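These notes concern the structure reproduced below.
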2 protein chains.
Amino acid sequence: MSTSIRTGADRTLELLALQVGRPLSEVETPVAVVDLDLLEANLQDLQTYVDGHGIALWPHTKTHKSPEIGLRQLELGAGGLTVAKTGEAEVFQEAGASRILVHYPPFGTDKWERLARIAAEGVELTVAVDSLAPAAGLAAALARHGARATLLVELDVGLHRTGQTTAAAALALAQSLSQLPAVDVVGISCYPGHLQGDPAAIRRNVVAVDELLRETRDAFSASGIRCDRISGGSTPSRYLTHETCVNELRSGTYAFLDRVVSGDELEKCALRVVVTVVSDAVPGQIVVDAGSKTLTSDDHPDGGHGAIVGWPGANLHTINEEHGYVDVSSLAERPAIGDQLQIIPNHACGCVNLHDGLLAVRDGVVDHVIAVSARGLVR
Amino acid sequence: MSTSIRTGADRTLELLALQVGRPLSEVETPVAVVDLDLLEANLQDLQTYVDGHGIALWPHTKTHKSPEIGLRQLELGAGGLTVAKTGEAEVFQEAGASRILVHYPPFGTDKWERLARIAAEGVELTVAVDSLAPAAGLAAALARHGARATLLVELDVGLHRTGQTTAAAALALAQSLSQLPAVDVVGISCYPGHLQGDPAAIRRNVVAVDELLRETRDAFSASGIRCDRISGGSTPSRYLTHETCVNELRSGTYAFLDRVVSGDELEKCALRVVVTVVSDAVPGQIVVDAGSKTLTSDDHPDGGHGAIVGWPGANLHTINEEHGYVDVSSLAERPAIGDQLQIIPNHACGCVNLHDGLLAVRDGVVDHVIAVSARGLVR
């Protein structure tokens, strides 16, 4: 049935294609736009940093879900691409990526089969796991295909989400994994997602993260388990990576940045949502045509649902599905019905996941459409 | 470009098609599923209620964004369908809906042109507005097409989002709108989205909502402005509609229900997200393969991100993009890695908007795929 259905994605990409060549001020709203110069600067800045420190960059594609941007990251020098879903691995394989890290425990016969096929077709596949079962299923599928993959053992370094919580437990898992066919344990991984907010606190906590990583690395080495790859990092902690033993950085949000992670560098955010004021009927307030289905309802520690560029006193305090409520009571001059505004969303990854395409803008004009080809997808 | 790109929606619908015929226990996860018997009961229950009270049902399609379900609502007796976006109006027009209410102020030459085209092609189009500018743009486009549309004047009855705040202001707007070509003011509308939570409080507040509606209706009548249609309602207040002067009910979420609006009738929720346990490495916790990109991060007044069916003591307290953290420390027996669970999401509309297709399930077997053809879409 899928081939005959005209999907929302088809319609959206058709409509976005009509915007190419328009000045940004004339685009249909609400729409997500990417400033190509800011994107390129963000990509280049982190690549330059890792190059200077001998760290490999394996960007997490969850932020952009776009082959165009993933391939650009590889061109700039990324060692490989990171994904969370089997379907994302397939999208980036088809786009031409030859080294893919699935940083998510895959579970299910279909997923194991699909991942094994990717490996059999020549992708250097790595999968991070924190238990035996997903790896055992994958290993069996790989063996059937005559293919191999490498494994990282995931450690919980403080987020308390996934990952073995001690070096001893990680080692025990690595030893079990080493008994499986068709896979090779080659290192460890972590996601320090608890490192957010105050830069000084992040720096202090990075030390603790590093201690567990080193302890585990040493335990692996002492037991004859390879630990060539130590995968870690996040966008808030990315520029501290060289102070740790992490030699592969999986930052994702750095490509776009957003209201949560940009700190005092909001002007570096490459992703914005262009909206139109559609109502001013309630005193002291305007309403814009973007809400949770356009911006994401992912929140911000300080509240609010996005930063309105150029209107620091305008507070986007509440969103419904298609409405953004902006308190403009403190403003001397106020946007009027029909005016266009730009919003920097709280969370780039959640926002992009709502959109099938992004308008790529250079010098204020829509240059082309960036297809978000890996959005949606059953895992 | 859109015709040649294989989108996430294409991939998802292909993968979902492979699930048809499988028992629910064997589907790929994470995936959104709809119990067809529960859906049908929810649709029929509200239709029976409105039929018994001479109220017209104009279901808001934002909840399901699906032609299949919209057409079923019309078959059961709905007077028309409600949408928020121009693109949604186009999807439901193509599906065959002949009466469409755009309950959102349209702004922009493209949108006015597209809406005028829909009207020119024979759809009985109604648009709700709370200011002159969107209606003036639409009227000019309609006049160019030789088409007509009807207008509702939106009132703010307590949500303080959009809508004129007094009967006098609504009347003044109606008088201005009456000067426009190609449009006819035929009534008023409201969205009582502030009516949530305690049923007794909802009932008290419905009285206040009704007072403003009646006052405005009477002001319209006294000034010779038609007020045939009084459009209102929401899912939490839907069964109180007959106690008000509302004669058109735009409830949307009633089709699926969800954790927020179902109250103590969680078992009536037709939409569930099927997930798999992928980690138990952190003590007292399991992690499932669905987070904000699958469930939505729309919240619940009591906290938590969804109800896990059959495991009342399991608390889905935190989500990241692809991970759901479930506290299972109070459980004697715990789900294991690889086990499948069903989650009733906080907010059906936000959840469905993340999915390109839903698995329609009857008697525990996947019957077909419901395409969410109106998801995404630039307005």
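The values are calculated or read from the model by the stated rules, or taken from the named source; none is laboratory data. It should be emphasised that the depicted structure is a prediction, and the values quoted were computed from it without experimental measurement. Quick reminder, even Gly has a Cβ in these numbers, built from the backbone with ideal geometry, and neighbours come from all protein chains shown.
How many residues are more than 21 Å from B:R229 (Cα to Cα) and within 9 Å of chain A (Cβ to nearest Cβ) when one looks only at region B:89-108? Show your work before the answer.
Step one: filter region B:89-108 for residues more than 21 Å from B:R229 (Cα to Cα), giving B:90-96, B:107-108.
This time we only want the ones that are within 9 Å of chain A (Cβ to nearest Cβ), so: B:90-91, B:94, B:107-108.
Total satisfying the criteria: 5.
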Query raised in the report: What number goes with the only condition from (1) over 15 Å from the mean Cα position of the chain (by Cα); (2) over 24 Å from B:V288 (Cα atoms) that A:G70 does not pass?
Result: (1)
Requested in this report: Output yes when any residue across region B:319-341 is surrounded by fewer than 17 Cβ atoms within 10 Å (Cβ to Cβ), within 30 Å of B:E40 (Cβ to Cβ) and touching a strand residue (DSSP E or B) at 6+ places or on another chain (Cβ under 7 Å), and no when none is.
Outcome: yes
**Report entry** Subset of region A:8-34 that is in contact with a Leu (Cβ under 7 Å, 6 or more places away or on another chain) and free of Cβ contacts under 8 Å to residues at least 40 places away in the same chain - its residue that is farthest from A:L354 (Cα to Cα)
**Finding:** A:E28
**Report entry** Pick from region A:282-301, criterion outside any loop (DSSP other than H, G, I, E, B) and either at pLDDT below 95 or within 18 Å of A:R334 (Cβ to Cβ) (or both), ranking: farthest from the chain's Cα centre (by Cα)
**Finding:** A:Q285
**Report entry** Entirely in region A:106-198, the helices (runs of 4 or more DSSP H) that have 1 or more residues that are of a type in the set (D, E) and over 30 Å from B:L18 (Cα atoms)
**Finding:** none
Report summary line: Picking from B:E243, B:E215, B:E248, the residue that is of a type in the set (D, E), in contact (Cβ under 8 Å) with a residue 24 or more places away in the chain and in contact with a Phe, Trp or Tyr (Cβ under 8 Å, 6 or more places away or on another chain) would be B:E248
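Output yes when any residue across region B:368-378 is closer than 17 Å to B:L36 by Cα and not hydrophobic (A, V, I, L, M, F, W, C), and no when none is.
Within region B:368-378, the subset closer than 17 Å to B:L36 by Cα is B:368-372.
Still in the list and also not hydrophobic (A, V, I, L, M, F, W, C): B:368.
Yes, the conditions are met somewhere in region B:368-378.
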Requested in this report: Restrict the check to region B:61-82 and report whether at least one residue is under 18 Å from B:N353 (Cα atoms) and hydrophobic (A, V, I, L, M, F, W, C).
Outcome: yes
Query raised in the report: If you check every pair at least six apart or on different chains, which have Cβ atoms under 6 Å apart with a residue in region A:294-315 that is within 20 Å of A:G197 (Cβ to Cβ) first and a residue that is of a type in the set (V, I, T) and part of a loop (DSSP other than H, G, I, E, B) second?
Result: A:H300/A:V260
**Report entry** Residue in region B:295-315 that is over 25 Å from B:N42 (Cβ atoms) and in contact with a Phe, Trp or Tyr (Cβ under 8 Å, 6 or more places away or on another chain) present
**Finding:** no
Report task. Within region A:71-94, work out how many residues are assigned to a helix (DSSP H, G or I), in contact (Cβ under 8 Å) with a residue 60 or more places away in the chain and closer than 20 Å to A:E121 by Cβ. Result -> 5
Report task. Confirm whether A:G96 is surrounded by fewer than 21 Cβ atoms within 10 Å (Cβ to Cβ), in contact with a Pro (Cβ under 9 Å, 6 or more places away or on another chain) and under 30 Å from A:V34 (Cβ atoms). Result -> yes
**Report entry** Test: residue in region A:28-46 that is modelled with pLDDT under 95, more than 14 Å from the chain's Cα centre (by Cα) and not aliphatic (A, V, I, L, M)
**Finding:** yes
**Report entry** Residue check, B:D356 within 7 Å of chain A (Cβ to nearest Cβ), at pLDDT 95 or above and under 25 Å from the mean Cα position of the chain (by Cα)
**Finding:** yes
Query raised in the report: Filtering region B:231-259 down to residues that are surrounded by fewer than 22 Cβ atoms within 10 Å (Cβ to Cβ) and among the hydrophobic types (A, V, I, L, M, F, W, C), which residue is nearest to B:D35 (Cα to Cα)?
Result: B:L240
Report task. Would you please name the residue that is nearest to A:K111 (Cα to Cα), looking only at residues in region A:44-61 that are surrounded by 23 or more Cβ atoms within 10 Å (Cβ to Cβ) and touching a Lys or Arg at 6+ places or on another chain (Cβ under 8 Å)? Result -> A:H60
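At pLDDT 95 or above, more than 26 Å from A:R117 (Cα to Cα), buried (at least 22 other Cβ atoms within 10 Å of the Cβ) and not charged (D, E, K, R): is that true of A:L195 in this structure?
Working: at pLDDT 95 or above: no; more than 26 Å from A:R117 (Cα to Cα): yes; buried (at least 22 other Cβ atoms within 10 Å of the Cβ): yes; not charged (D, E, K, R): yes.
The answer is no for A:L195.
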Query - Number of positions in region A:268-278 that are farther than 13 Å from A:G306 by Cα and either of a type in the set (A, V, I, L, M) or outside any strand (DSSP E or B) (or both) - result: 4
Query raised in the report: Out of all the residues in region B:34-72, which are more than 14 Å from chain A (Cβ to nearest Cβ), among the charged types (D, E, K, R) and touching a helix residue (DSSP H, G or I) at 6+ places or on another chain (Cβ under 7 Å)?
Result: B:R72
Requested in this report: Among the numbered conditions (1) touching a strand residue (DSSP E or B) at 6+ places or on another chain (Cβ under 7 Å); (2) not in a strand (DSSP E or B), tell me where A:L359 comes up short.
Outcome: (2)
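Take region A:175-192 and flag every residue that is within 27 Å of the chain's Cα centre (by Cα) and within 26 Å of A:A116 (Cβ to Cβ). Steps first, answer last, please.
Of the residues in region A:175-192, the ones within 27 Å of the chain's Cα centre (by Cα) are A:183-192.
Hits for region A:175-192 are A:V183, A:D184, A:V185, A:V186, A:G187, A:I188, A:S189, A:C190, A:Y191.
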Report task. Go through the residues of region A:17-33 one by one and say whether even a single one is away from every other protein chain (no Cβ under 14 Å), among the charged types (D, E, K, R), within 16 Å of A:V274 (Cα to Cα) and surrounded by 16 or more Cβ atoms within 10 Å (Cβ to Cβ). Result -> no
Requested in this report: Filter region B:362-379 down to the residues that are surrounded by fewer than 24 Cβ atoms within 10 Å (Cβ to Cβ) and part of a strand (DSSP E or B), then identify the one that is nearest to the other protein chains (Cβ to nearest Cβ).
Outcome: B:H368
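Considering each of B:V50, B:V27 in turn, give the residue that is closer than 22 Å to B:D228 by Cβ and of a type in the set (V, I, T). Talk me through it step by step, then tell me what you get.
Numbers: B:V27 fails: closer than 22 Å to B:D228 by Cβ.
Exactly one of B:V50, B:V27 is closer than 22 Å to B:D228 by Cβ and of a type in the set (V, I, T), namely B:V50.
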Report summary line: Checked against (1) surrounded by fewer than 24 Cβ atoms within 10 Å (Cβ to Cβ); (2) away from chain A (no Cβ under 12 Å), B:S297 satisfies every condition except (2)
Requested in this report: Could you check, for region A:130-138, whether at least one of its residues is more than 24 Å from the chain's Cα centre (by Cα) and over 21 Å from B:V288 (Cα atoms)?
Outcome: no
